[in-house]
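Let me begin by presenting the structure, written as structure tokens, before commenting on it.
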């Protein structure tokens, strides 16, 4: 578990979140998954614990921790419920972090205290129906009219965008044309509710069923000119920075999922008997679980390294892509193998490994597909 790299405070946080995941999150996970319901009661308790404020300074309502601390919490939550983990990840790294990184002091004080307290959720409106991996293909537009931005367009697959506590969505929009040609893309804060902003019907997803995900429509949405987030025309570049950081957080979540599959498989293999002995006594089963543990360990090492580089102010783009790649694949591979270890039970939604099997596929897609990570790694190698 690489415990020697963690401070006493970090180890205590991890133990606290692990206990919360077992005692509070796990008992209601199957119900929320089956009902496709957002776990408001769990999110409220996470807010009271300060989890949404982990990587932010106390001056803006945070806990004074760092990004690695957030990752440790995500890993522990991801072991038992990926929907809850992604709610925290998106709320921090996608909802609040852009405001912290690029916002004015006034914007920080307006939004961050409630976001850090978990009393409100923010969302990251980047992806569009025709602009996913090709985020530069953004078609949503924003024009200035009498001191207001008038925004028109649509967004797709936006996490935390339609809950009862969603209060702000940061959207990318084309605000003009660059001097040398090409789109000028900026980011604008859209408070929720705002006239013309609609979170459409929630998606019917394969997994992450307790996570809130909607397409968004912006129809002549008007917000003050001062809602521009960061420098005009720097929106796309700023969001790429946010995505680099977010990949480390998603990797941590994926490691949690991969480790959760190991935990469940070890437990089942010890308890399940066939032909008069526990199936763990069969080398085929033992070796399969050993390989699962190796995947989780390697992926954890990768995200620890990426986080350490980021916090030290060193280049981390390649390492973040590596972590996202290997952790996403580890989660999916371990979910498949855990389902096999469980046999027929693994195909039943009552079992955690079945949820991990459905949930883990998105870890190879969201916040940059496997193919995008390979492209980034190759580019960093000069290829």
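How many percent of Cα pairs in the chain exceed 30 Å? Tail of P(r) above 30 Å: 38 percent of Cα pairs. Distance distribution P(r), segment 122-233, all Cα-Cα pairs, bin width 5 angstrom from 0: 2, 13, 23, 25, 19, 10, 5, 2, 1 percent. Can you give me the angle between helix 40-49 and the longest principal axis of the chain, using Cα atoms only, in degrees from 0 to 90, rounded to the nearest 10? Tilt relative to the chain: about 90 degrees.
Summed over qualifying helices (DSSP H, 4 residues or more, each -39500 (n - 2.57)) and divided by its residue number, the chain shows a 222 nm mean residue ellipticity of -16000 deg cm²/dmol.
For the options 33, 337, 219, a Gaussian network treatment of the chain with springs between C-alpha atoms closer than 10 Å singles out 219 as fluctuating the most.
Contact order for the chain, expressed relative to its length and based on alpha carbon pairs under 8 Å spaced 6+ residues apart, stands at 16 percent.
Give the shape of segment 251-310 as rounded, prolate or oblate, defined through the alpha-carbon gyration tensor: a ≥ b ≥ c are the square roots of its eigenvalues, a/c under 1.5 means rounded, and otherwise the shape is prolate if a/b is larger than b/c and oblate if not. The shape class here is prolate.
Using alpha carbons only, how many degrees (0 to 90, rounded to 10) separate the axis of helix 370-380 from the longest principal axis of the chain? Between the helix axis and the principal axis of the chain, the angle is about 70 degrees. FRET efficiency for the residue 178 to residue 370 pair, using the beta carbon distance and R₀ = 22 Å, is estimated at 0.10. Binning the C-alpha pair distances of segment 237-380 at 5 Å intervals from 0 yields a P(r) profile of 2, 11, 19, 20, 16, 11, 9, 6, 4, 2, 1, 0, 0 %, listed from the shortest bin outward. The tail of the calculated P(r) for segment 52-132, taken as Cα-Cα distances beyond 14 Å, holds 61 percent of the pairs. Sorted from greatest to least, the principal axis extents spanned by the alpha carbons of segment 91-178 come out as 37, 30, 23 Å.
Computed from the alpha carbon positions, the gyration tensor of segment 158-215 leads to an equivalent ellipsoid with semi-axes of 28, 15, 9 Å, biggest first. Ratio of Rg to Rh for segment 54-209: 0.98 [Cα atoms; Kirkwood radius as inverse mean 1/r over pairs]. For segment 167-283, a Kirkwood radius taken over Cα pairs fed into Stokes-Einstein (4 °C, viscosity 1.567 mPa s) yields D = 69 µm²/s.
Just the ratio, please: alpha-carbon radius of gyration of segment 3-121 over 2.2 N^0.38 Å, N its number of residues.
Taking N as the residue count of segment 3-121, the ratio is 1.05.
Each principal axis of segment 290-362 carries a Cα extent, and these read 48, 24, 14 Å when sorted largest first. Once the Cα atoms of helix 317-342 and of the chain are each reduced to a long axis, what angle between those two axes, in degrees from 0 to 90 to the nearest 10, is obtained? Tilt relative to the chain: about 40 degrees.
The numbers here are math on the coordinates, done by the rules we state, and not lab data. Predicted model only: the values in this text are computed from it and were never measured. FYI the Cβ positions are ideal-geometry reconstructions off the backbone, even for glycines, and counts take in every protein chain you see.
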